[in-house]
Amino acid sequence: MLRRLSCFDRVLSLEMSPVDDTFLSASLDNTVRLWDLRTPNCRGLLNTPSTPIVAYETSGAVFAVALNAYNRINLYDFNNFDKAPFLTIELSDPSLADISFPPKAPFMTSLSFSANAQYLLVGTAGNAHYVLDAYDGDMIAKLEGHVGLERGKQSGNVAPGIIPMKGISGEEVSWTPDSKFVVGGSHDGKILVWDLSDSSKLPKVPKGQRLPKIEPCAILEGHLGPSRCVRFNPKWAMMASAGMELAFWLPDASGAEGDFDTKKLFGRIGLS
């Protein structure tokens, strides 16, 4: 049986609860709504001062709301949905002052908590993603090496029907199931992998100081045109990526010479 939810403005992001049949929606009408699959009406409503982006923490007890207009990420207690956030994080990257003055704030397009709930991954529209400490909001690292999907005019590799503009990114970066790596797409079609397995190399950075830059540990040939969505199956050794086409990635146990880099990559992730 299909159920139609009550009307709301265009959805920017949806996040299913990791523990039950509820989910969160963030939409252009500046609201975050809590839904239950058993009813067509929302169970909770949070009004925000600008358009939001949402994400559940892996226990389902906490959720995050990003507000680009204020360059803020607010963390809420799920059981106190209508109360003030218990933590407010400012996404600050001092190195952006080298590009323009005043520095332009990163435009956040996605949020995702690591499976161990230790880190918060902030995807942006530009040429960098950010890793934050999920407990206190301290900045930890800056992931570089890709071409942001909304910066596509720089690359010239534009697939038919894909025009660089605000709002086309958001699903191109995610965690691996073990929380040790981040995988992401790029406007040039490549699939990039960043190694975060050594926590000793991820110290918290005092506010105002420059973030350590992490370059990809592996780059895979992905798609013709932008790779717009990259996701790992949380239980099986499979990665999916999508753009103008859909691709599934599996570890190669044959050891073929031409697939060495891919085999090495999946082996490091622990999937071989």
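None of the figures in this text is laboratory data; all of them are computed from the coordinates on show. All of these numbers come straight from a predicted model, not from anything done at the bench. Methodologically, a virtual Cβ is constructed for each residue, glycine included, from the backbone with ideal geometry; neighbour enumeration extends over all protein chains shown.
Annotations for the structure displayed:
- Length gained on full extension, S50 to K235: 63.0 nm, using 0.36 nm per residue less the C-alpha separation.
- Pairwise Cα distances in the range 164-218 exceed 16 Å for 55 percent of all pairs.
- Summarising the label geometry, the points placed 7 Å from Cα in the beta-carbon direction at R43 and L87 lie 2.4 nm from one another.
- Calculated FRET efficiency for the pair M244/D136, C-beta based, R₀ 35 Å, to 0.05: 0.30
- Under 19 Å of direct C-alpha separation, and excluding same-chain neighbours fewer than eight residues apart, K201 reaches these aspartates and glutamates: D93, D133, D136, D138, E144, D178, E215.
- If R0 is 41 Å, the Cβ-Cβ spacing of V19 and A69 corresponds to a FRET efficiency of close to 0.85.
- At R0 = 30 Å, FRET efficiency that the Cβ-Cβ distance of S199 and D36 yields, to 0.05: 0.25
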